[in-house]
Amino acid sequence: MGCGRVGATLSTSLERHGHSVAVIDQNPDAFRRLPSDFGGKKVKGIGFDRDTLQQAGIEDAYAFAAVSDGDNSNILAARVVRETYGVDQVVARIYDPRRAEIYERLGIPTVATVRWTADQVLRRMLPLGATDEYRDPSGKVRLTQIDVHEGWIGRSVAAIEEAARTRVAFLTRFGEGMVPTSKTVLQEGDILHVLMAADEAATIERALTRAPRQEAD
């Protein structure tokens, strides 16, 4: 739902990956953002209207993304799709991060545009720190990208996990993800992605953004 820049990009990407896609927007001119060879459905209507959703094929849908420019419309559409049509894979774009946190506690995954943008800006201004990449609906588990202190370069994943009392989910190396073993050694330029309990985030961030102790290895 929503054929702005985000919706058009998302729809095009999904179709190129072999998925069947339907796009809903109130403004038919919005469909001009789609490429000329787009083969999915273009449905004019309100994204939380049941007739519109059914015309788009919601009853056969695997996933639904509400990415219009209105928080209320997005969350209402997401709830209708999940609660009325039983689509489990639902995500809503929310501009207000306070609302996003509330809806995530209700079990509706959200993308909070303002929070994400602020995190990315801060990451570039203050390199050492942590940025959430995912939180489970309860908010208790986080997947976080952490900029580690250069002193950890050359240390093993096992040493990092032991020192920070956390779990390394994966590394990004030369732009590609890799699942490390306990013997994998952190190299210069690696990006560390860590799974952690939310209430331990501050402790883990402190451990990894500081130089390791000599006994860490």
Report, ordered by the first and then the second residue, all pairs with beta carbons closer than 6 Å, sequence separation of six or more or different chains, a first member in the stretch 178-189 that is closer than 7 Å to residue 156 by Cα, and a second member that is assigned to a loop (DSSP other than H, G, I, E, B) and among the aliphatic types (A, V, I, L, M).
186/153
Note down all Cβ pairs under 9 Å where the first residue falls in the stretch 9-30 and is closer than 19 Å to residue 45 by Cα and at pLDDT 90 or above, the second is surrounded by 13 or more Cβ atoms within 10 Å (Cβ to Cβ) and among the aromatic types (Phe, Trp, Tyr), and they're at least six residues apart or on different chains.
11/38; 21/38; 23/31; 23/38; 25/31
Matching residues, the stretch 65-116, being over 13 Å from the mean Cα position of the chain (by Cα) and of a type in the set (Phe, Trp, Tyr):
85, 95, 103
What tally of residues in the stretch 64-93 results from selecting those that are among the polar types (S, T, N, Q), assigned to a helix (DSSP H, G or I) and crowded, with 18+ Cβ neighbours inside 10 Å?
2
Would you check which residues across the stretch 146-183 are polar (S, T, N, Q) and buried (at least 18 other Cβ atoms within 10 Å of the Cβ) and list them?
156, 166
Could you please give the count of residues in the stretch 160-200 that are touching a strand residue (DSSP E or B) at 6+ places or on another chain (Cβ under 6 Å) and among the small types (Gly, Ala, Ser)?
3
Just for the stretch 158-187: of the residues that are modelled with pLDDT under 90 and outside any strand (DSSP E or B), which one is farthest from residue 132 (Cα to Cα)?
174
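The values are calculated or read from the model by the stated rules, or taken from the named source; none is laboratory data. Just so you know, these numbers come straight off a predicted model, no measurement behind them. Neighbour counts run over all protein chains shown; Cβ positions are idealised from the backbone, glycine included.
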